[in-house]
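The values are calculated or read from the model by the stated rules, or taken from the named source; none is laboratory data. All of these numbers come straight from a predicted model, not from anything done at the bench. Cβ coordinates were reconstructed from backbone atoms using ideal geometry, including for glycine residues, and neighbour counts include every protein chain displayed. Please note that ligands, DNA and RNA were not included when accessible areas were found on the heavy atoms of the full protein model with its side chains. Shrake-Rupley method; radii C 1.70, N 1.55, O 1.52, S 1.80 Å.
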Amino acid sequence: MAGTLYTGGDVFDGTGNLLTNHAVLVEGDSITDVGPAEKFTDHAGDTVDTKGGTLMPGIADCHVHLVYKGEADPRGSIQDVNPGEITLRVLENAQTSLKAGITAVRDCGGREYLEFPVRDACNSGRFFGPNIMASGKMICMTGGHGNKNGRIADGCDEVVKAVREQIHAGSDLIKIMATGGVMTPGVNPEDAHYSADEMRVGVQEATRFHKTSASHAQGAEGIMNAVNAGITSIEHGIFMDQECLDAMLEKGTYLVPTLAAVQNIINNADKGIADYVVDKARRVFERHQESFTMFYKAGGKIAMGTDAGTPFNLHGENAMEMAFMVDCGMSATDALSSATSVAHSLMTLDDRGQIKPGFKADMLIVNGNPTEDILMAAASKNHRMVVKNGRKVDLP
Ligand SMILES: [Zn+2]
């Protein structure tokens with residue numbers, strides 16, 4: 001038996017099960033066997049000792065912005081910056097994430113498609129990085145949330161054209177703005193932006209070309225417009241009400257909560273973030289947590305996502321979102337599943353996110369038992385090793 005055997009500790013399989021004293025055999029880039037440690041006593045290849053720790057799937061973050069580094073003013077930070085420099089930041093942020101156990105990220109809005117070559121280079125193995133899925137430009141209405149950086153489109157015909165542009169440019173998913181948001185001046189998170197019709201044709205066009213879709217949706221009316229249109233995931237979901245919740249459960253719509261986004265603005269309110277951002281973050285904070293808890297208790301599908309790149313919401317600290325979710329009432333085991341199997345499912349990375357034979361060896365080894373103490377997985381100081389495609393991550 002060749003390959004590398006990870007043995008001595010426990011295994012979290014990504015779907016809610018902690019397997020005590022189990023070993024994982026990796027051959028090439030894949031997991032080929034998982035079983036009780038004693039099954040592998042005649043293993044002749046390399047061994048990695050996981051004693052006192054837990055081996056789990058690598059984490060997927062379903063909502064990041066790789067062009068930003070978490071500056072107080074992210075948009076301003078890339079204004080008048082050489083595109084080559086922005087591209088390097090994208091790679092740097094991707095690799096910083098990987099080192100912190102984030103083996104897949106979904107970029108939900110970039111800059112002039114500069115993130116696409118980095119995505120291709122990481123996905124093909126030309127550079128060491130996480131799996132990256134990227135939306136290209138956010139599609140938004142005139143004056144709407146995201147209008148400083150996004151693709152502005154008004155009316156059904158324009159929205160369809162904007163979706164086609166993204167697909168032609170190479171987008172993996174379509175990001176479309178259903179409501180106002182915190183980071184854009186002069187808009188209210190509560191307000192619906194695109195009409196039900198605009199949203200419907202946009203999502204239909206994405207679906208027609210076999211792309212998933214994500215909607216920045218904070219107010220209830222906008223959430224309904226997106227869910228009724230058939231959106232794959234609701235991002236933020238702050239003012240979700242019972243009608244939204246029922247519709248999302250019925251359609252199987254994912255929620256990507258991004259609790260870290262609002263939390264990090266509030267925690268760093270005195271560090272140069274614009275007043276309108278801080279004010280809106282404070283206004284939505286409690287309701288955001290309530291809607292998360294309500295959706296969780298009702299059994300909705302929650303895929304971990306952070307909005308990393310927004311103010312003080314740093315690439316490399318993505319996993320802390322699991323701790324924020326636990327603070328809002330989620331069990332540690334469910335938070336771990338949300339960040340692994342569920343998040344990879346939303347990203348349609350169906351051969352990643354679980355520790356099972358046949359899955360790719362994207363793995364994180366942490367101290368202790370994260371199903372009892374989520375900080376073992378959430379705080380990167382408790383991480384021991386990250387493995388990507390069967391290879392130990394050893395980036396500078
Ligand atoms: Zn975002």
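Once both labels are positioned 7 Å from their Cα atoms along Cα-to-Cβ, the gap between Asp120 and Thr15 label points is 3.5 nm. Take every Cα pair under 8 Å whose residues are at least 6 apart in sequence, average their separation, divide by the length of the chain, and the relative contact order is 21 percent.
Taking label positions 7 Å along the Cα-Cβ direction at both Ala274 and Lys356, the computed distance is 4.6 nm, reported to one decimal. Solvent-accessible area assigned to carbon and sulfur over the chain amounts to 48 percent, based on a 1.4 Å probe.
Straight Cα distances below 29 angstrom link Lys137 to the lysines Lys69, Lys99, Lys148, Lys161, Lys175, Lys211, Lys251, Lys271, Lys280, Lys301, Lys388, with same-chain residues fewer than 8 positions distant left out. The length gained by stretching the chain between Thr293 and Asp42 to full extension, at 0.36 nm per residue less their Cα-Cα distance, is 85.6 nm.
Computed with a 1.4 Å probe over protein heavy atoms only, the accessible area of Ser124 comes to about 90 Å².
May I ask you to give the solvent-accessible area per residue for region 70-160, in square angstrom, as obtained with a 1.4 angstrom probe?
37 Å²
Here Ala196 and Cys328 are evaluated by their C-beta separation; at R0 = 22 Å the FRET efficiency comes out at 0.15. Round to the nearest 0.05 the FRET efficiency obtained for Leu88 and Arg208 when R0 = 45 Å and r is the Cβ-Cβ distance. Approximately 0.80, to the nearest 0.05. Remark: region 207-262 carries 33 Å² of accessible area per residue (probe radius 1.4 Å; ligands, DNA and RNA excluded).
For the chain, the fraction of alpha-carbon pairs lying more than 28 Å apart is 43 percent, rounded to a whole number.
Rounded to the nearest angstrom and listed largest first, the equivalent-ellipsoid semi-axes of region 45-102 from its Cα gyration tensor are 34, 13, 8.
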